[in-house]
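What follows is a short report on a single structure.
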Amino acid sequence: MGALLMIDLDNTLVDRDAAFSQAAATFLTDHALPSDDLAWLRTLDASGYTPRREVARAMSRRYGTTVPEPAVRTFLDRGAAEHVTLPDPTRHALVRARADGWTCVIVTNGRVVQQETKIRRTGLDRLVDGWVVSEAVGCKKPAPEIFAAAAAAVGVGLEGAWVVGDSAHADIQGAVGVGVRSVWVSGGRPWAEAAYRPTWIAVDTAFALHLVRAAG
């Protein structure tokens, strides 16, 4: 097996924010709620960083008896997961990385039921060597333990490893914490952290994986 390539899931491999927006729009339509609430739901969700229980509590307060509690739970558990897609350029870049000998493992914060649904729905389970979800291992990025768990899951050491992800805090600071190189997927955003930096910055995940492969 080749060197380890640890890749974030949400908003790196898959566009989680777009999937959430699609699911939220459907939820509002299905329950005859104001379409203007889409912006409120996006803000509340904060790209998945708001804990699920807080989102559920806020939605219950806002919608009261208008929306049954099971419908809220279903939306939060399955909504975004059922709308995610894997872009073709990212898919092809993953295939090339593994063909070059990289051992690819997904490292993601979140709950197992949601994250594994995304992984299997998009076919990522057939494109990577493994994955770790924070809920399953009991720690979240940027904690060094989750990256060690990822390495252990596929039987490859951290020496020569890379981290690719869109979160400065979770992914890039996490990479710094375990002493490995990294690529920040910027999506066009400027880098804003002064205390640490990624090895490289790429506008999208496909190019990030190209940079890692070129580095060898």
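Please note which strands (runs of 3 or more DSSP E) are completely contained in the range 160-208 and include at least 3 residues that are more than 16 Å from C104 (Cα to Cα). Don't jump to the end; show me each part of the working.
Details: elements: 162-165, 181-185, 200-202.
Answer list for the range 160-208: 200-202.
When the residues of the range 1-45 are narrowed to those that are out of contact with any helix residue (DSSP H, G or I) (no Cβ under 9 Å at 6 or more places or on another chain) and part of a helix (DSSP H, G or I), which ends up surrounded by the most Cβ atoms within 10 Å (Cβ to Cβ)?
A18
Within the bounds of the range 101-111, is there any residue that is over 14 Å from the mean Cα position of the chain (by Cα) and either over 18 Å from T12 (Cβ atoms) or of a type in the set (A, V, I, L, M) (or both)? First the steps, then the outcome.
Pass one, the range 101-111, residues over 14 Å from the mean Cα position of the chain (by Cα): 101-104.
Subsequent filtering for residues that are either over 18 Å from T12 (Cβ atoms) or of a type in the set (A, V, I, L, M) (or both) retains 101.
Yes, because at least one residue in the range 101-111 is over 14 Å from the mean Cα position of the chain (by Cα) and either over 18 Å from T12 (Cβ atoms) or of a type in the set (A, V, I, L, M) (or both).
Look at the range 95-130 and say how many of its residues are at negative phi and either in contact (Cβ under 8 Å) with a residue 40 or more places away in the chain or assigned to a loop (DSSP other than H, G, I, E, B) (or both).
Of the residues in that region, 21 qualify.
With P89, P70 as the choices, which residue is surrounded by fewer than 15 Cβ atoms within 10 Å (Cβ to Cβ) and in contact with a helix residue (DSSP H, G or I) (Cβ under 6 Å, 6 or more places away or on another chain)?
Details: P70 fails: in contact with a helix residue (DSSP H, G or I) (Cβ under 6 Å, 6 or more places away or on another chain).
The conditions single out P89.
For V154, are the conditions met, namely being assigned by TED's automatic domain parsing to the domain that holds Q115 and crowded, with 20+ Cβ neighbours inside 10 Å? Steps first, please.
Values: assigned by TED's automatic domain parsing to the domain that holds Q115: yes; crowded, with 20+ Cβ neighbours inside 10 Å: no.
Answer is no for this residue.
Please verify whether the range 165-181 includes one or more residues that are in contact with a Leu (Cβ under 8 Å, 6 or more places away or on another chain), without any contact (Cβ under 8 Å) to a residue 60 or more places away in the chain, farther than 17 Å from A3 by Cβ and buried (at least 17 other Cβ atoms within 10 Å of the Cβ).
No, that holds for no residue.
The values are calculated or read from the model by the stated rules, or taken from the named source; none is laboratory data. Note that the coordinates shown come from a computational prediction; the quantities given were computed from them, not determined experimentally. No Cβ is skipped: glycine too gets one built from the backbone with ideal geometry, and neighbour counts run over all protein chains shown.
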